[in-house]
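The values are calculated or read from the model by the stated rules, or taken from the named source; none is laboratory data. Small disclaimer: the values here were computed from a predicted structure and weren't measured. Positions of Cβ are backbone-derived with ideal geometry, glycine not excepted, and every protein chain shown enters the neighbour counts.
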Amino acid sequence: MSTNTAVSADLDTEAAGTESALFRPTRLGALRLANRLVMAPMTRNRASAAGVPEPIMATYYAQRASAGLIIAEATTPNAVGATYPNIPAIHDESHVAGWRRVTDAVRAAGGQMFLQLQHGGRVGHPETSGHHPLAPSPVPLPGTIVTPSGHRENVVPREMTEEEIRATVADFAAAARRAVDAGFAGVEVHAANGYLLHQFLSNHTNHRTDGYGGAVANRIRLTVEVVRAVVEAVGAERVGVRIAPGVTANAMAEDDVDEVYPALLSALDDLGPAYLHVVFADPDQPLFRTLRKAWSGTLIANPALPWPGPLPADGGRAAAERLLEAGADLVSLGRSFLANPDLVTRLRTGAPLNPIRDAHLMYVGGETGYTDYPTLG
Ligand SMILES: Cc1cc2nc3c(=O)[nH]c(=O)nc-3n(C[C@H](O)[C@H](O)[C@H](O)COP(=O)(O)O)c2cc1C
């Protein structure tokens with residue numbers, strides 16, 4: 001061992017002894033991450049009506065560039081997949097140009113970003129997207145949804161034809177290529193929280209009788225096809241997948257989580273994506289251990305913090321450390337990053353955290369509650 005190596009090994013040991021694993025650098029595929037804290041994707045409705053990211057979004061993400069990795073908010077890969085007003089998109093050159101402003105600003109601030117790709121399926125409205133929502137089956141989201149002109153009753157989505165399924169897979173792949181053109185290090189395929197891919201996974205929202213419905217092997221098919229197409233388009237090291245087993249967001253229900261997710265992970269593992277991102281991960285649940293065992297690659301865990309808040313005073317640090325001890329490689333936090341641009345420094349030093357301001361500010365335009373959260377000092 002050369003002297004330099006010995007010195008750096010000593011420093012590593014010293015750092016390891018004094019610092020939480022959360023703040024130690026690591027790798028994600030070809031990327032070197034400064035720490036193991038990931039900013040979770042969060043929809044903030046600050047794009048233009050046409051889905052073009054606005055300059056204020058570059059400011060917001062650059063403020064949070066000290067995260068080991070930022071996963072930018074849910075972004076629609078095609079027009080029909082748009083969920084809510086002012087959601088960003090990535091299906092034409094104006095979207096690429098808007099996102100490039102964001103990735104340039106984050107790179108200049110020393111950060112790295114993936115982009116989450118989300119097709120809403122039944123979570124959408126013709127007044128928002130200009131299209132009738134498409135879903136695995138004509139099972140509507142209960143209640144109302146926000147549109148540009150206020151809340152409207154949800155419509156019954158139309159069952160996707162097999163041709164529309166093939167077009168959707170191609171749209172995800174094209175969106176991934178555009179995301180890389182726009183300067184993202186990769187994309188996260190959103191198969192969580194009750195949007196299109198999750199709707200295919202659940203027998204409550206998927207009543208199909210063709211090769212995409214019924215048996216578990218059929219219900220996982222679309223997610224696997226999307227991930228395969230995206231991997232072929234941009235390379236496995238640029239692809240992550242987000243899942244939410246049993247999470248009831250957007251009125252989801254799942255009867256066979258213990259069969260669906262191991263089967264899904266086994267099929268996805270073969271494609272070798274950069275990471276799996278698990279929402280509301282609880283290290284005390286057997287499912288977390290099952291998923292960890294079933295996944296040979298990097299696992300990002302999003303801890304199950306109180307929802308809705310208030311958040312714990314430590315912003316989720318203790319929960320994050322428990323997840324690392326239980327086998328997660330990286331931990332994502334959402335609301336703590338939303339309210340604390342310098343969250344990594346605050347968690348590292350134990351500085352107090354900014355409280356989150358009005359929840360309604362999360363989803364409206366403008367600077368208030370977006371780019372005006374203060375940093376320390
Ligand atoms: C304002 C807001 C917007 C969100 N938007 C998304 C989204 O676009 N995509 C997604 O997968 N999850 C979304 N989530 C969920 C977060 O990624 C995260 O899973 C959740 O906030 C729990 O993490 P936390 O307890 O650290 O906040 C959102 C959460 C919040 C608070």
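Considering only residues that are assigned to a loop (DSSP other than H, G, I, E, B), of a type outside the set (G, A, S) and within 16 Å of the ligand (Cβ to nearest atom), look in segment 32-52 and name the one that is farthest from H190 (Cα to Cα). Spell out how you get there, then give the answer.
Filtering segment 32-52 down to residues assigned to a loop (DSSP other than H, G, I, E, B) leaves 34-36, 40-46, 48-52.
Narrowing the set further to residues that are of a type outside the set (G, A, S) leaves 35-36, 41-46, 52.
Narrowing the set further to residues that are within 16 Å of the ligand (Cβ to nearest atom) leaves 35-36, 41-46.
Values: N35: 23, R36: 21, P41: 10, M42: 12, T43: 13, R44: 16, N45: 17, R46: 20 Å.
Among them, the one singled out is N35.
Among the residues of segment 252-262, is any in contact with a Lys or Arg (Cβ under 7 Å, 6 or more places away or on another chain), surrounded by fewer than 19 Cβ atoms within 10 Å (Cβ to Cβ) and touching a residue at least 12 places away in the same chain (Cβ under 8 Å)? No. Checking each residue in segment 356-365 for being exposed (fewer than 15 other Cβ atoms within 10 Å of the Cβ) and touching a residue at least 24 places away in the same chain (Cβ under 8 Å) picks out only A359. Among the residues of segment 47-61, those that are crowded, with 21+ Cβ neighbours inside 10 Å and under 24 Å from N154 (Cβ atoms) comprise A47, G51. Please go through segment 99-114 and pick out each residue that is among the basic types (K, R) and within 17 Å of A47 (Cα to Cα). Selection gives R100, R101.
Against the list (1) within 12 Å of the ligand (Cβ to nearest atom); (2) of a type in the set (D, E, K, R); (3) out of contact with any Leu (no Cβ under 9 Å at 6 or more places or on another chain), the condition R335 fails is (3). Among the numbered conditions (1) more than 29 Å from F184 (Cα to Cα); (2) among the charged types (D, E, K, R); (3) in contact with a helix residue (DSSP H, G or I) (Cβ under 9 Å, 6 or more places away or on another chain); (4) more than 16 Å from the ligand (Cβ to nearest atom), the only one that D255 does not meet is (3). Consider segment 341-377 and keep the residues that are within 11 Å of the ligand (Cβ to nearest atom) and either on the phi > 0 side of the Ramachandran plot or at pLDDT 95 or above (or both). The one that is farthest from the chain's Cα centre (by Cα) is G369. Screening V169, V180 for residues that are closer than 23 Å to A233 by Cβ, in contact with a Lys or Arg (Cβ under 8 Å, 6 or more places away or on another chain) and surrounded by fewer than 22 Cβ atoms within 10 Å (Cβ to Cβ) leaves exactly one candidate, V180.
The residue that is farthest from S66 (Cα to Cα), among those in segment 323-332 that are out of contact with any helix residue (DSSP H, G or I) (no Cβ under 6 Å at 6 or more places or on another chain) and more than 14 Å from the ligand (Cβ to nearest atom), is A326.
Filter segment 110-138 down to the residues that are out of contact with any strand residue (DSSP E or B) (no Cβ under 9 Å at 6 or more places or on another chain) and surrounded by 13 or more Cβ atoms within 10 Å (Cβ to Cβ) and list them by number. Listed by number, the list holds a single entry, H131.
Would you point out the residue of segment 293-315, among those that are near the ligand (Cβ under 9 Å from one of its atoms) and surrounded by 15 or more Cβ atoms within 10 Å (Cβ to Cβ), that is nearest to the chain's Cα centre (by Cα)? Looking at residues that are near the ligand (Cβ under 9 Å from one of its atoms) and surrounded by 15 or more Cβ atoms within 10 Å (Cβ to Cβ), I get N302. I'd like to verify a number: residues in segment 62-109 that are surrounded by fewer than 24 Cβ atoms within 10 Å (Cβ to Cβ), over 30 Å from N154 (Cβ atoms) and touching a Ser or Thr at 6+ places or on another chain (Cβ under 9 Å), how many? Qualifying residue count for the region: 4. Name the residue that is modelled with the highest pLDDT, counting only residues in segment 22-31 that are in contact with a helix residue (DSSP H, G or I) (Cβ under 9 Å, 6 or more places away or on another chain) and assigned to a loop (DSSP other than H, G, I, E, B). Per the stated criteria, the residue is R24. Picking from A217, A175, which residue would you name as being farther than 16 Å from A253 by Cα, more than 16 Å from the ligand (Cβ to nearest atom) and either at pLDDT 95 or above or buried (at least 18 other Cβ atoms within 10 Å of the Cβ) (or both)? So the residue among A217, A175 that is farther than 16 Å from A253 by Cα, more than 16 Å from the ligand (Cβ to nearest atom) and either at pLDDT 95 or above or buried (at least 18 other Cβ atoms within 10 Å of the Cβ) (or both) is A217. Residues in segment 278-289 that are more than 22 Å from G194 (Cβ to Cβ) and either within 10 Å of the ligand (Cβ to nearest atom) or not charged (D, E, K, R) (or both): P283, P286.
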